[in-house]
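These notes concern the structure reproduced below.
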Number of protein chains: 2
Amino acid sequence: MLDGVSLDHLRTFIAAVDEGSFSAAARKLNRVQSAVSGWVSGLEDQFGVVLFDRSGRFPKLTPEGVLLLADARGIVSGVDTMKARAKLMASGLETELSVVVDVFFPTAVVSAAAKAFASRFPLTPLRLFVEGLGAAYQPVLDGRCSLGILATLPVAFPSLVSERLGEVPLVAVASSSHPLTRFNHRIPRHELAKHLQLVLTDRSDLMAGRDFGVVSPSTWRLADLSTKHAFLKDSIGWGGMPLHMVEKDIASGSLVVLDVDDMPPSGFMLTMSAYHQASEPPGPAGRWLIDHLKDSWVHPSDLKREQ
Amino acid sequence: MLDGVSLDHLRTFIAAVDEGSFSAAARKLNRVQSAVSGWVSGLEDQFGVVLFDRSGRFPKLTPEGVLLLADARGIVSGVDTMKARAKLMASGLETELSVVVDVFFPTAVVSAAAKAFASRFPLTPLRLFVEGLGAAYQPVLDGRCSLGILATLPVAFPSLVSERLGEVPLVAVASSSHPLTRFNHRIPRHELAKHLQLVLTDRSDLMAGRDFGVVSPSTWRLADLSTKHAFLKDSIGWGGMPLHMVEKDIASGSLVVLDVDDMPPSGFMLTMSAYHQASEPPGPAGRWLIDHLKDSWVHPSDLKREQ
DNA sequence: GTCCTTCCATCTGCAAAACAGATGGTTTGC
DNA sequence: GCAAACCATCTGTTTTGCAGATGGAAGGAC
């Protein structure tokens, strides 16, 4: 014994209190009464504190015992959660799940999934990162995140495996006061090129020098999507946005969808997929999260209220 | 043995990690190496989890081991607290001061007070716990702490006596890149409701099902305040924070105060009070601490530098 | 490359512990 | 006043954990 106090002391102590008598505690613990008696007095010796008043028929907790009982319960419950955590680990559950999500992915879906995740896997912390474009791939590639909810880029990543989740509609928008909105029919490409385009920059080097959907020679490059959103509403330029982020503005009229010539009328679709290293497939928690995202995203009706 | 895992398992585990090798742990624990080896592998058997990677010269913690180590440390320190408490009880003199402080209370004030306390009462050990919301009341209610520096909750605790210390200003903040910060005038409630709100969860059952200041239907619940802080800075959502924790970020511009419609411009004030059991008024040391907190908090100018 | 140290796992006998069961004293309810 | 249930203490037996020894592997020194 490394130390006078052991968990058996505490467990016996708690059982004695809960069962109301040493004998009952012994029955519960599958021991004989003398054993319980011994453990309890051993604990009292260790502490130098009398835990029970034994004058009556049933032992009664002393005031000191009440306080120490609270400590004991805390300790034992700590051990129990530790064991529960270990059991989950043994079954292959991830110790924590690090996920990077592309900014284009609907926040409402992520937040609902995170909430559901927290109640489904209360012992597995979820670490969420939000990044854009190529920068969102980086954590998956270098192993900081075991899972990425990412937009499919026209680049191959041989070390990654992906699983399609669905599409995010992209639309070209401009403020209602922007000159481009005067076109109520299809806007030709060369017309777009005359106006300032707001483009999301890629913070990573993965996509260095490659642009997607850049039409206009005059561009402003913004590092984050909500800034771009703000600039669009301020009529600084036009640009593409995921539909779910601008739906409200379109409904309220502050932003207008541009009907661009070589875009399908429904807008361009950005495929979102779950990515992970081929060498490290997701465990149960990651698997669950992917499936949950898939399911909750095809029926997103009840999430409309939220952002 | 009532249960597979014992405190000796945990203590050996911790020693092995801290000392860096089983042999060193054995020396520290005054045991032979084979004993440590046996205990560690016993613990691994119990958990069904491999705690150390033994392929190298020195055993190396596995990722699972890291997480379980945190549990183990918590448990063992709980036992130490319990023993310290028992020792004080046995000696009869109740010279120790156990205080629980709400996370919302300014850290700088607490640490300054603790420093002053140590030089004023060098022989009185001070035991500080930090908890949040309802969970911070629990130790005062069950007597484990004789004093609580707590936020006033809209719930009555008839067994407690309180004494007002002052107010902590709460402000609603969001990252500078968050869409809400574009409002430079008062933000209506319904606008806040459109965005993800970060909410501190209450670990205790005291406030079960009751929320304070929750405005948005979409929330993320975080178990600790520094995580919430990090998430706010990552622009994951908006939320309320005590002013003292975000002052630096506001000054540097990384966080922005949201001017919420039904909040006074100075922000909402959270009243902090010193609580103790009505039946057990604080002794001289507790009394001094309360008074010191009161005094040092109304003149907090010289604490600004500290966090 | 080879030696030498230091590490870990495993095995063995031995000592200490924790166990079940028995006994006796005490309280409580009938 | 008696039976039942409680607790403390004692005793022999079983189990557990201990130290010490042995062997294999890793890594630094030369």
If you go through B:Leu141, B:Leu147, B:Leu180, B:Leu160, the only one that is touching a strand residue (DSSP E or B) at 6+ places or on another chain (Cβ under 8 Å), farther than 23 Å from A:Val66 by Cβ and surrounded by 14 or more Cβ atoms within 10 Å (Cβ to Cβ) is B:Leu180
For the range B:46-66: of the residues being part of a helix (DSSP H, G or I) and more than 7 Å from every other protein chain (Cβ to nearest Cβ), which is farthest from B:Val140 (Cα to Cα)? B:Gln46
All conditions in (1) out of contact with any Pro (no Cβ under 9 Å at 6 or more places or on another chain); (2) assigned to a helix (DSSP H, G or I); (3) at pLDDT 80 or above are true of A:Ser216 except (2)
A:Arg31 fails exactly one of the following numbered conditions: (1) more than 10 Å from DNA strand C (Cβ to nearest atom); (2) under 47 Å from the mean Cα position of the chain (by Cα). What is the number of that condition? (1)
Over the range A:123-158, the set of residues more than 15 Å from the chain's Cα centre (by Cα) and assigned to a loop (DSSP other than H, G, I, E, B) is A:Gly132, A:Asp142, A:Gly143, A:Thr152, A:Leu153, A:Pro154, A:Val155, A:Ala156, A:Phe157, A:Pro158
Report, by residue number, each residue of the range B:101-116 that is touching a helix residue (DSSP H, G or I) at 6+ places or on another chain (Cβ under 7 Å) and assigned to a helix (DSSP H, G or I). B:Ala108, B:Val109, B:Ala112, B:Ala113, B:Ala116
What do you reckon, is A:Leu69 touching a residue at least 24 places away in the same chain (Cβ under 8 Å), within 13 Å of DNA strand D (Cβ to nearest atom) and within 11 Å of another protein chain (Cβ to nearest Cβ)? no
Every residue from the range B:18-43 that is over 26 Å from A:Val40 (Cα atoms) and crowded, with 21+ Cβ neighbours inside 10 Å: B:Phe22, B:Ala25, B:Ala26, B:Val36, B:Val40
Which of the numbered conditions does B:Val161 fail, given that it passes all the others? Conditions: (1) at pLDDT 85 or above; (2) touching a helix residue (DSSP H, G or I) at 6+ places or on another chain (Cβ under 9 Å); (3) part of a strand (DSSP E or B). (2)
Cβ pairs under 6 Å, 6+ apart or interchain, first in the range A:49-64 and free of Cβ contacts under 8 Å to residues at least 12 places away in the same chain, second in a loop (DSSP other than H, G, I, E, B) and more than 11 Å from DNA strand C (Cβ to nearest atom), ordered by first then second residue, are A:Asp53/A:Thr62
Checklist (1) away from every other protein chain (no Cβ under 13 Å); (2) without any contact (Cβ under 8 Å) to a residue 12 or more places away in the chain; (3) buried (at least 19 other Cβ atoms within 10 Å of the Cβ) applied to A:Ser6, failing item: (1)
Looking at B:Ala35, B:Ala26, B:Ala16, which is the one that is within 11 Å of chain A (Cβ to nearest Cβ), assigned to a helix (DSSP H, G or I) and either among the small types (Gly, Ala, Ser) or more than 11 Å from DNA strand D (Cβ to nearest atom) (or both)? B:Ala35
In the range B:79-97, is there at least one residue being in a strand (DSSP E or B), away from DNA strand C (no atom under 16 Å from the Cβ) and touching a residue at least 12 places away in the same chain (Cβ under 8 Å)? yes
Is it the case that the range B:75-95 has a residue that's more than 10 Å from every other protein chain (Cβ to nearest Cβ), at pLDDT below 85 and touching a Lys or Arg at 6+ places or on another chain (Cβ under 9 Å)? no
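The values are calculated or read from the model by the stated rules, or taken from the named source; none is laboratory data. Bear in mind that the values here come from a model prediction, so they are computed numbers and not experimental data. Please note: Cβ atoms are built from the backbone with ideal geometry, for glycine as well, and neighbour counts cover all protein chains shown.
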